[in-house]
Amino acid sequence: MHKTTWFLVCKQNVQLNLVMYRHMAGHSKWQNVKHIKAEKNRQKNLLSCKYVYLIGLAVRDGGPDPKLNTKLANIMDQAKKNNIPSSTIENALKRGGNKKNKYGSAEILSPGGCIIIIEYETDNISTIRHEIKTVCKKHGANVLSGEGRWRAVYEQKGIIKAIQLKNGEQIDAEKALDDAIEAGAEEVNVKDDEAKPYLEFLCAPEDLNPVKKEIEQLYDVEEGYLGYLPIVTVELDEETSTIVDNLLEDLGNISDVVRIYENVK
């Protein structure tokens, strides 16, 4: 059983999540090793999706040539430092320059009752839907018909990720809380991504653009987007957890997938 402890500081109804510990209770050493390995694989896939998305944005903003597009060059450099495969980077460059691409999403019910949301960007909707269904069938999951099932287990939020202050100084948690209040954000989380701390500002979906604009005055903003946060989570046994981890890994390996959300506890 996993136990998660949060240390919270609240100020004028804006919440700051300072740090999170996760420790195992009632697990053997082998079970813990398996869990850590699965979690690392999951984070690796999410990181890959993140850079695919960021590269696509940079290409659309400034073109596909990193020699002429500084933002793109920086993102590609970060991706390489985080061991994102060259083939993934190249595919992201090609897709980013394709003006025929369309955005879409799918909701998936996994074994154990986990609801997964995946977002994709593609020039061939029918192909990616077929790929998603094939992966789901392999792992005993189902693509849900219709849209909006996520509303029962997720809430949509504006999410802004900032890596440091404009002047190059590192993140200061107390200052971040004050800045969140001033910008109109609801919450700010201090997180760590591949040993690099960053701030995650959360706001109402309709406030994303104005809050992002305010945050950009003070921080180097990496991305701002509408995302999903689970409000209902499911706890899986060891066998089912392995199945879901493998499902998430295979979904993350679909080249046109840019984001994955899951509500596993």
Practice problem: Would you please give the residues with an amide H less than 5 Å from that of His139, counting only those at least 5 places away or on a separate chain, with H modeled from the backbone geometry? | Solution: none
Quiz prompt | Radius ratio Rg over Rh of segment 145-265, counting only Cα atoms, Kirkwood formula for Rh | solution = 1.03
Quiz item: Roughly speaking, what is the stretch gain from Thr127 to Gln217, that is 0.36 nm per residue apart minus the C-alpha to C-alpha distance, in nm to one decimal?
Solution: 28.3 nm
Quiz item: Suppose R0 equals 30 Å; then what is the FRET efficiency for Asp77 and Asp178 from their Cβ-Cβ distance, rounded to the nearest 0.05?
Solution: 0.40
Self-check item: Per residue Cα convex hull volume in Å³ - calculated over segment 69-181
Solution: 194 Å³
Quiz item: Once label points are set 7 Å from the Cα along Cα→Cβ at both Glu147 and Glu239, what is their separation, rounded to one decimal in nm?
Solution: 3.7 nm
Self-check item: Separation of the Lys44 and Glu206 label points, Cα + 7 Å toward Cβ, nm
Solution: 4.3 nm
Self-check item: Extended-chain gain in nm, criterion 0.36 nm per residue less alpha-carbon gap, Ser105 and Lys138
Solution: 9.9 nm
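Values in this text are rule-based calculations from the coordinates and carry no lab data. All of these numbers come straight from a predicted model, not from anything done at the bench. Using ideal geometry, Cβ is built from the backbone for each residue, glycine included, and neighbour counts are taken over all protein chains shown.
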